[in-house]
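This report concerns only the one structure given below.
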Amino acid sequence: MNFSEYRRVRMPLSREDARSLRAGDMVLLDGEIVITAGLPTHHRILACMEKGEAPPIELQNGSLLHLGSYSQDAADGGLEILYMNPTTSTRFNPLMPRLIRHYGLTSVGGKGGLDAACRAAMQEVGCVYFSFLGGGAPLHSAAIKAVKQVAWNDLVAHYRLVRVAVEGLGPVTVGIDAHGNSLFESIAADATARMPAILDQLARDRAGA
Amino acid sequence: MAITYQGVKTLTAQLYDWSLRRIPEDTKEGLRRARQTETHPGAQRVLEIMLGSALRAEQTDRFVCSDSGVPVFQVGIGTNAKWEGDIKAAIVDGFDELVETIKPPLLKHVTNPLTNERGYKGKDMPLVSWDMISGADYIEFACQPKALGSGRWAAAETFSFPSLADIEAYVMKVVMQAGSQHCPPVIIGVGIGGSFDVAAKIASKATYRPIGSTNPEPVLAAMEERLLRAVNATGFGPMGTGGDTTALAVHVDYASGHGYTPVAICFNCWINRRTRARLHADGSVERME
């Protein structure tokens, strides 16, 4: 596959780059991202926030992506990630607006999108949502250049907070932009509006069958 | 000669392992066809990236998805099959051994629903359903790992004397609930009738049918066609970011029941992980997919 046609953006995104993206754009990511697939991890970050403590990995103006990974000790004494892939973001809906606002995140992501409350928080601070390919582990894993930091090792591997350097991660789709546009919301609204016509067509098909 | 504990242990572990590293041929073909007919430019690209991911998994012997799900087996025992040993325990022991040996290692996805603790072992894991196959002298094993992404959106509701319109409207309601969440394009299984458990089992079994196959029941064949058009008219598209391809197939089956009619609907995500093989009494393995 040739991905040369895609725009590349530097991670963590600058506020300016975040605001330059529009819902539906597809881009490749270069730089550093922070990932976790764990609900307990989100609760721990929120606990840090409430106590006024810094989380073990810097999140200010950063990216927090719903990607799960399997990391293990590497021969050189560092860590290596054997594979990485997105998880469903919507189960973090109730927690994300506070995280987005408090840390001024410039990008979040995963798969399946986030809700209207998250979209509003994202518009407020200038943050985008990247939709990753589910079932994309072979592609996403190949983009990993180095594991920079792993925190909360007491959690199962995919729940840990991990800082990763990536090159050419994606292509990812901008599912929600920093201007209040969400593909997930607009597509669901269109489908809902279309449903009476879809059910009418089913009735016509049944009558014709 | 008889089918052995060891044979079942080895094969079921292999079927799960194999299922993680490639997507079935019918599914790749379905994605290629969808790429040809898809009119949404972004969706065309997402479908291409999907096919690229599937190819790379095969070429590099990688997991297609980091979420290996939990192992789910459908076992069909031939009524003339002979076996020795505890073949039920063999499936559990095979999974336990695979967890120790598989490269790369699996993440801990087996979840205790009462505590949400995750590990590699749990009550009734692997999840197995048992059937009989009349006249066969083999045991057939099909493996279909299930993960939260698509498993989460399965639903069932019980109606009394529903019309086909009622049933189809319910399918569309469940499709709308799932929306962009289940890694579309999906394979949709619909089970109608029987009892609560039977409808769910029928829906799950229906997802194993090859994409592109025609339902032998004309009423259901017509229903599958119109439901597939209806699902794809929603516009959720690949990965739910828009397009004409929300489902690759809708497969419907039914059982007679009483008049209270459960309707069960389940989804497989686009990678549609599925393997199947027969184990014969001489120890030979006939790999089907």
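Please treat every number below as a calculation from the coordinates, not as lab data. From a predicted model like this one, the values you see are computed outputs, not experimental measurements. No Cβ is skipped: glycine too gets one built from the backbone with ideal geometry, and neighbour counts run over all protein chains shown.
With 10 angstrom as the radius, rank A:K51, B:K9 by how many other C-beta atoms surround their C-beta, starting from the fewest.
Fewest-to-most Cβ neighbours within 10 Å comes out as A:K51, B:K9.
Can you grab the distance from the C-alpha centre of segment A:43-81 to the C-alpha centre of segment B:11-86, Å, no decimals?
31 Å
So which residue, out of A:G135, A:G77, A:G104, gets the largest mean-square fluctuation from a GNM of chain A using Cα contacts under 10 Å as springs?
Among A:G135, A:G77, A:G104, the largest GNM mean-square fluctuation belongs to A:G77.
Could you state the angle between the C-alpha long axis of helix B:196-206 and the longest principal axis of the C-alpha atoms of chain B, as a value from 0 to 90 degrees rounded to the nearest 10?
Value to nearest ten degrees: 90.
Taking a ≥ b ≥ c as the square roots of the Cα gyration tensor eigenvalues, with a/c under 1.5 meaning rounded and otherwise prolate when a/b beats b/c, else oblate, which class fits segment A:7-182?
The shape class here is oblate.
Over chain B, with a Gaussian network built from C-alpha contacts below 10 Å, which listed residue (B:N116, B:N80, B:N272) shows the highest mean-square fluctuation?
Maximum among the listed residues: B:N116.
Output wanted: per-residue J couplings in Hz (rounded whole) for segment B:66-80, from phi through Karplus 6.51 cos²θ - 1.76 cosθ + 1.60, θ = phi - 60°, x for Gly and Pro.
5, 8, 6, x, 10, x, 10, 10, 10, 10, x, 9, x, 5, 9
With the crude spin-label approximation of a point 7 Å out along Cα→Cβ, what separation in nm comes out for B:K82 versus B:T37?
For B:K82 paired with B:T37, the spin-label model returns 4.9 nm.
Please compute, for peptide A:124-137, the average count of beta-carbon atoms on other protein chains lying within 10 Å of each residue's beta-carbon.
For peptide A:124-137, the averaged partner shielding equals 6.
May I ask you to list the residues of segment B:187-201 whose amide nitrogen lies under 20 Å from a point 7 Å from Cα along the Cα→beta-carbon direction of B:H258?
B:191-201
About its Cα centre, how strong a charge dipole does chain B have in debye, to the nearest 20, once Lys and Arg get +1 and Asp and Glu get -1 at the Cβ?
So the magnitude is around 680 debye.
Rounded, prolate or oblate: which fits chain B, taking a ≥ b ≥ c as square roots of the Cα gyration tensor eigenvalues, rounded meaning a/c under 1.5, else prolate when a/b beats b/c?
Taking the square roots of the gyration eigenvalues as a ≥ b ≥ c, chain B is oblate.
Would you mind telling me which residue in B:E140, B:E225, B:E217 has the biggest mean-square fluctuation in a Gaussian network model of chain B, where springs connect alpha carbons within a distance under 10 angstrom?
Result for chain B, Cα springs under 10 Å: B:E217 fluctuates most.
Let's test the formula: R0 of 25 Å, r as the Cβ-Cβ distance of B:K121 and A:L155. What FRET efficiency results, to the nearest 0.05?
0.85
Taking the Cβ of A:A203 as the center, what net charge do the other residues with Cβ under 11 Å away carry, scoring Lys and Arg +1 and Asp and Glu -1?
Charge balance in the 11 Å sphere: 0.
Working from Cα positions, state the angle (0 to 90°, nearest 10) between the long axis of helix B:87-101 and the longest principal axis of chain B.
Computed tilt is about 80 degrees.
Taking beta carbons within 10 Å but only from partner chains, what does the mean come to for residues B:55-64?
Whole-number average of other-chain Cβ neighbours for B:55-64 is 4.
Could you name the aspartates and glutamates whose alpha carbon sits less than 14 Å from that of B:K121, not counting residues in the same chain fewer than 8 places away?
Candidates past the 8-residue exclusion: B:D93, B:D96, B:E97, B:E100.
Taking the Cα centre of segment B:148-268 as origin, work out the dipole magnitude from +1 charges on Lys and Arg Cβ and -1 charges on Asp and Glu Cβ, in debye rounded to 20.
The dipole magnitude comes to about 220 debye.
Roughly what % of DSSP beta bridges within chain B run antiparallel, to the nearest 5?
65 percent
Looking at chain B, which Cys residues are left with no other cysteine's beta carbon under 4.7 Å from theirs?
Lacking a cysteine Cβ partner under 4.7 Å: B:C65, B:C143, B:C266.
Would you mind checking which residues have amide H under 5 Å from B:H182's amide H? H placed 1.01 Å from N; only 5 or more apart, or other chain.
Amide H neighbours of B:H182, under 5 Å, 5+ apart: none.
Between A:A74 and B:Q177, what FRET efficiency comes out of the Förster formula 1/(1 + (r/R0)^6) with R0 = 51 Å and r the beta carbon distance, rounded to 0.05?
Efficiency at R0 = 51 Å is approximately 0.75.
Which FRET efficiency, nearest 0.05, do A:M49 and A:R10 yield, Cβ-Cβ r, R0 25 Å?
0.45
Kirkwood hydrodynamic radius (Cα pairs, Å) of the protein assembly as shown?
23.5 Å is the Kirkwood radius here.
Kindly write out, for segment A:66-75 in residue order, the coupling ³J(HN,Hα) from the Karplus curve 6.51 cos²θ - 1.76 cosθ + 1.60 (θ = phi - 60°), rounded to whole Hz, with x marking Gly and Pro.
In residue order, the calculated couplings are 7, 10, x, 9, 10, 10, 8, 5, 9, 4 Hz.
Considering only DSSP beta bridges whose two residues both sit in chain A, what percent are antiparallel, to the nearest 5?
DSSP beta bridges in chain A are roughly 60 percent antiparallel.
Hey, what do the phi angles of segment A:154-166 turn into as Karplus ³J(HN,Hα) couplings, whole Hz, using 6.51/-1.76/1.60 and θ = phi - 60°, x for Gly and Pro?
Listing the rounded values in order: 6, 7, 4, 3, 6, 8, 5, 8, 10, 9, 10, 8, 10 Hz.
For segment B:163-219 and segment B:248-280, what is the separation of their C-alpha centers, rounded to whole Å?
Using only Cα atoms to place each centre, the spacing works out to 7 Å.
Taking 0.36 nm per intervening residue step and subtracting the Cα-Cα distance, what contour gain separates B:A2 from B:K103 on full extension?
Between B:A2 and B:K103, full extension yields 33.2 nm more.
When only Cα pairs under 8 Å and 6 or more residues apart are kept, what is the percent relative contact order across segment B:148-268?
45 percent
Which listed residue (A:T90, B:W83, B:M223) has the Cα farthest towards the positive end of the charge dipole for the protein assembly as shown, taking +1 on Lys and Arg C-beta and -1 on Asp and Glu C-beta about the Cα centre?
Projecting each Cα onto the dipole axis, the largest value belongs to A:T90.
Under a point-charge model restricted to the Cβ atoms of Lys and Arg (+1) and Asp and Glu (-1), what is the dipole moment magnitude of segment B:1-63 relative to its Cα centre, in debye to the nearest 20?
With only Lys, Arg, Asp and Glu charged at Cβ, the dipole is about 100 debye.
Going by how many other Cβ atoms sit within 10 Å of their own, how do A:S182, B:S195 line up, fewest first?
Going from least to most buried by this count: B:S195, A:S182.
Using the membrane-span-like helix rule (whole DSSP H runs, Cα extent along the own axis of at least 20 Å, mean Kyte-Doolittle hydropathy at least -0.5), which helices of chain A qualify?
Span-like helices, by this rule, are A:183-208.
In square nanometres, what is the average projected area of the Cα convex hull of segment B:119-252?
Result: 10.1 nm².
Roughly what angle does helix B:41-60 make with the longest principal axis of chain B, taking Cα atoms, 0 to 90 degrees, to the nearest 10?
Once rounded, one gets 10 degrees.
Under 1.5 on a/c is rounded, so check that first for segment A:48-89, then, if it is not, pick prolate when a/b is larger than b/c and oblate when it is not; a ≥ b ≥ c are the square roots of the alpha carbon gyration tensor eigenvalues.
The shape class here is oblate.
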